[in-house]
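Asker: There's a structure below that I have some questions on.
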Amino acid sequence: MNCSKRTVKAVPREHTKKVKEGREWGRRVAIYFDMQNLYYAAKRLYRSKINYPALLHLLLADRQLVEAIGYAVRGNNCGEESFFESLRQERIKLKVMALRSFGEGENVKHKGNWDVGMALDAAFAPRDKNVDVVILVTGDGDFIPAVKRLQDQGAYVEVASFEPYTSNSLIHCVGEESFVKLDTYRQILLPCREAVPAH
């Protein structure tokens, strides 16, 4: 297993002169986890689930955590509540919605999507939480407008995801130097069991 330690790249030059409240800029971090996106990418690529404590430690990289939120869909699976509680103990706040079903019989469809809620929380983080760095843990290209809004506010944005499940446009939007390729860090993966909640 690869237990590589992540080294945070230098903050781009346009940010280095920023000083807020007399402190070093670039230390205050907010992290937002698209848990469904992560779950399916890890399961399909590596037959694994996410080790969230290891992932949080990797992304934070010795910086100050201001806020970490995971966006989950409740599926009434065995072990779900204990999984949620374990995340809360790791300083990850959870926002959970119920999985909704539409249709009948073979045509039934299940839906649960936090994209809008996650994008809004992230977009207002520099103002509401006074953060310098926003990390979006997702590969979904639908977050590009949120990234651009954050960049317009002067925030430094990183995206962390498994490369095969990441939109090329999203990577281009933040820049290769700000894309955390999770495929490189196998310590964030745990063996997947059938009883693991699908988030």
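Asker: Has the range 141-148 got at least one residue that is at pLDDT below 95, touching a helix residue (DSSP H, G or I) at 6+ places or on another chain (Cβ under 9 Å) and surrounded by 17 or more Cβ atoms within 10 Å (Cβ to Cβ)?
Answerer: no
Asker: Let me ask something else about it. Let me spell it out: the conditions are (1) among the charged types (D, E, K, R); (2) surrounded by 17 or more Cβ atoms within 10 Å (Cβ to Cβ); (3) under 13 Å from the mean Cα position of the chain (by Cα), and LYS181 meets all of them except one. Which number is the exception?
Answerer: All conditions pass for LYS181, except number (2).
Asker: Looking at LEU150, LEU120, LEU136, can you tell me which residue is in contact with a Phe, Trp or Tyr (Cβ under 6 Å, 6 or more places away or on another chain) and of a type outside the set (Ser, Thr, Tyr)? Walk me through how you get there before you give the answer.
Answerer: Values: LEU150 fails: in contact with a Phe, Trp or Tyr (Cβ under 6 Å, 6 or more places away or on another chain); LEU120 fails: in contact with a Phe, Trp or Tyr (Cβ under 6 Å, 6 or more places away or on another chain).
It is LEU136.
Asker: Then there is this: Would you point out the residue of the range 149-173, among those that are part of a helix (DSSP H, G or I) and under 17 Å from ALA30 (Cβ atoms), that is farthest from the chain's Cα centre (by Cα)? Outline the logic, then answer.
Answerer: Filtering the range 149-173 down to residues part of a helix (DSSP H, G or I) leaves 149-152, 163-165, 168-173.
Filter again for under 17 Å from ALA30 (Cβ atoms), leaving 149-152.
Values: ARG149: 17, LEU150: 15, GLN151: 17, ASP152: 20 Å.
Out of the qualifying residues, it is ASP152.
Asker: If you don't mind, another one. Strands (runs of 3 or more DSSP E) wholly in the range 47-101 with at least 3 residues that are out of contact with any helix residue (DSSP H, G or I) (no Cβ under 6 Å at 6 or more places or on another chain) - which ones?
Answerer: Numbers: elements: 48-50, 64-74, 93-98.
Of the strands (runs of 3 or more DSSP E) lying wholly inside the range 47-101, those with at least 3 residues that are out of contact with any helix residue (DSSP H, G or I) (no Cβ under 6 Å at 6 or more places or on another chain) span 64-74, 93-98.
Asker: In a helix (DSSP H, G or I) and modelled with pLDDT under 95, is that true of GLY117?
Answerer: Values: in a helix (DSSP H, G or I): yes; modelled with pLDDT under 95: yes.
The answer is yes for GLY117.
The values are calculated or read from the model by the stated rules, or taken from the named source; none is laboratory data. A quick note: this is a predicted structure, and the numbers were derived from the prediction, not measured. For neighbour counting, all protein chains shown are included, and Cβ atoms are generated from backbone atoms with ideal geometry for every residue, glycine included.
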